[in-house]
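Worksheet: one structure, shown below.
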Amino acid sequence: RRAAYLAERDLPFVTGDGEPVTVMMNAGLLMDMAHLEGTGAMGVGLYRTELPFMTRPSLPDVPTQTLLYQKILEQAGGKPVVFRTLDVGSDKILPYWSNDAEDNPAMGWRSIRITLDRPAVLRSQVRALVRASAGHDLRVMFPMVADVDEFDAARRLVDAELSRAAGRGQSLPETVCVGTMLEVPALLFQFDEVLRRVDFVSLGSNDLLQFLFAADRGNPRVSGRYDTLSMPVLRLLRRVLEQCQAAETPVTVCGEMAGRPLEAMALVGLGYRALSMSAPGVGPVKQMLRSMDSQAVGAYVRRLLETPGGSPRTALRAYARDHGI
Ligand code: PEP
Ligand code: MG
């Protein structure tokens with residue numbers, strides 16, 4: 001099968017009925033960037049910036065970060081890279097940053113909460129991203145946003161860094177896109193306000209679903225209790241997409257589900273046209289896309305949504321089997 005994916009590497013990401021789908025890759029280490037070439041992914045839809053912070057003995061300074069982000073952009077060779085600001089806390093602990101023990105670290109002091117409480121950290125990261133993106137497109141997004149005010153505060157910080165760079169006569173990014181991750185359910189209920197502010201949305205299904213179902217993604221006893229292809233998930237995904245489409249805001253799904261062929265088929269059937277996944281998912285998802293008819297799957301998914309009862313996963317699996325997907 002590996003050979004088959006390689007043979008298909010240079011073929012475009014289009015469905016059997018000619019519908020283009022943007023397939024990007026998730027990355028977190030400089031060495032992951034080699035997979036861009038290897039998989040043929042169209043860009044990096046999620047660059048998890050925290051991993052380099054975790055492998056160093058202390059918080060990297062602005063020049064160190066700038067160099068790193070420059071190398072990432074260089075390795076991307078003109079393909080887009082969406083940088084996600086620090087998402088530490090929870091399962092990603094910085095050795096030099098003593099966190100108090102928390103009963104529920106996934107719901108604790110993590111991610112944007114830390115970086116808004118310690119703005120110097122976020123500022124240094126954004127400053128480095130602005131510098132590294134001189135002459136390129138800067139795409140940056142914030143993790144674990146639970147309230148529009150948090151997005152506003154983080155965005156203000158980006159704007160301040162851009163003004164600072166301009167004031168100092170530095171060369172600036174060609175374009176700037178600032179987005180949010182959608183991974184806290186509360187954001188769904190202020191989504192109109194979110195859409196008025198952001199340039200793009202990236203749906204992080206790993207966290208969004210663990211919070212939606214109140215089931216710890218890191219605890220194998222409960223992480224399998226919910227199904228990523230169940231009715232509540234499909235309905236949620238459909239609603240998010242409709243709202244993004246109405247606002248003409250691009251949306252990407254970047255959680256693990258995007259990299260699983262059956263889930264990716266359902267996402268494209270729901271109407272999603274941008275997925276970002278870990279590198280090993282790219283080949284299998286491309287193969288699936290090229291064998292699916294997006295119109296027919298779309299009609300089937302719509303019917304599924306209108307006829308509750310039974311497991312959507314079982315139905316979708318049977319559909320895929322019957323249609324040679
Ligand atoms: C997610 O939560 O779906 C996500 C992509 O972010 P991470 O897996 O890094 O938490
Ligand atoms: Mg997440």
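The values are calculated or read from the model by the stated rules, or taken from the named source; none is laboratory data. If you're wondering where the values come from, they're calculated on a predicted model, not measured in any experiment. No Cβ is skipped: glycine too gets one built from the backbone with ideal geometry, and neighbour counts run over all protein chains shown.
Before moving on, here are some points about what is shown:
- Ser171 being touching a strand residue (DSSP E or B) at 6+ places or on another chain (Cβ under 6 Å) and without any contact (Cβ under 8 Å) to a residue 40 or more places away in the chain: yes
- Residue count for the stretch 165-195 under the criterion of being more than 16 Å from ligand 2 (Cβ to nearest atom) and touching a helix residue (DSSP H, G or I) at 6+ places or on another chain (Cβ under 9 Å): the result is 13.
- Restricting the stretch 207-226 to residues that are within 12 Å of ligand 2 (Cβ to nearest atom) and surrounded by 15 or more Cβ atoms within 10 Å (Cβ to Cβ), the residue that is farthest from Gly108 (Cα to Cα): Leu209
- Close pairs (7 angstrom Cβ cut-off, 6 or more residues apart or separate chains): farther than 17 Å from Asp207 by Cα in the stretch 74-97, assigned to a loop (DSSP other than H, G, I, E, B) and within 14 Å of ligand 1 (Cβ to nearest atom) anywhere: Phe83/Thr49; Leu94/Val88
- Counting the residues of the stretch 296-323 that are loosely packed, with under 14 Cβ neighbours inside 10 Å and in a helix (DSSP H, G or I) gives 7.
- Inclusion of Asp100 among residues that are of a type in the set (Asp, Glu), free of Cβ contacts under 8 Å to residues at least 60 places away in the same chain and within 14 Å of ligand 2 (Cβ to nearest atom) is not warranted.
- The helices (runs of 4 or more DSSP H) found wholly in the stretch 195-280 and carrying at least 2 residues that are free of Cβ contacts under 8 Å to residues at least 60 places away in the same chain and under 23 Å from Ala146 (Cα atoms) occupy 205-212, 231-246.
- Among the candidates Leu116, Leu129, residue that is touching a helix residue (DSSP H, G or I) at 6+ places or on another chain (Cβ under 6 Å), away from ligand 2 (no atom under 16 Å from the Cβ) and free of Cβ contacts under 8 Å to residues at least 60 places away in the same chain: Leu116
- Whichever residue in the stretch 136-153 is in a helix (DSSP H, G or I) and of a type in the set (D, E, K, R) and, among such residues, is nearest to Ala106 (Cα to Cα): Glu150
- Only residues that are within 13 Å of ligand 1 (Cβ to nearest atom), assigned to a strand (DSSP E or B) and touching a Gly at 6+ places or on another chain (Cβ under 8 Å) were counted in the stretch 166-189, giving 2.
- Number of residues in the stretch 51-71 that are in a helix (DSSP H, G or I) and farther than 21 Å from Phe200 by Cα equals 13.
- The stretch 41-66, residues that are modelled with pLDDT of 95 or more, touching a Pro at 6+ places or on another chain (Cβ under 9 Å) and hydrophobic (A, V, I, L, M, F, W, C): Met42, Val44
- Inspection of the stretch 146-159 identifies at least one residue that is out of contact with any Cys (no Cβ under 9 Å at 6 or more places or on another chain), within 15 Å of ligand 1 (Cβ to nearest atom) and farther than 20 Å from Met24 by Cβ.
- Sole exception among (1) out of contact with any Cys (no Cβ under 9 Å at 6 or more places or on another chain); (2) closer than 17 Å to Pro280 by Cβ; (3) within 16 Å of ligand 1 (Cβ to nearest atom); (4) among the polar types (S, T, N, Q) for Asn26, by number: (1)
- The lone criterion from (1) in contact with a Gly (Cβ under 7 Å, 6 or more places away or on another chain); (2) exposed (fewer than 14 other Cβ atoms within 10 Å of the Cβ); (3) at pLDDT 95 or above left unmet by Glu74 is number (1).
- Hey, Leu36 more than 15 Å from ligand 1 (Cβ to nearest atom), surrounded by 16 or more Cβ atoms within 10 Å (Cβ to Cβ), in contact (Cβ under 8 Å) with a residue 40 or more places away in the chain and closer than 24 Å to Thr66 by Cβ or not: yes
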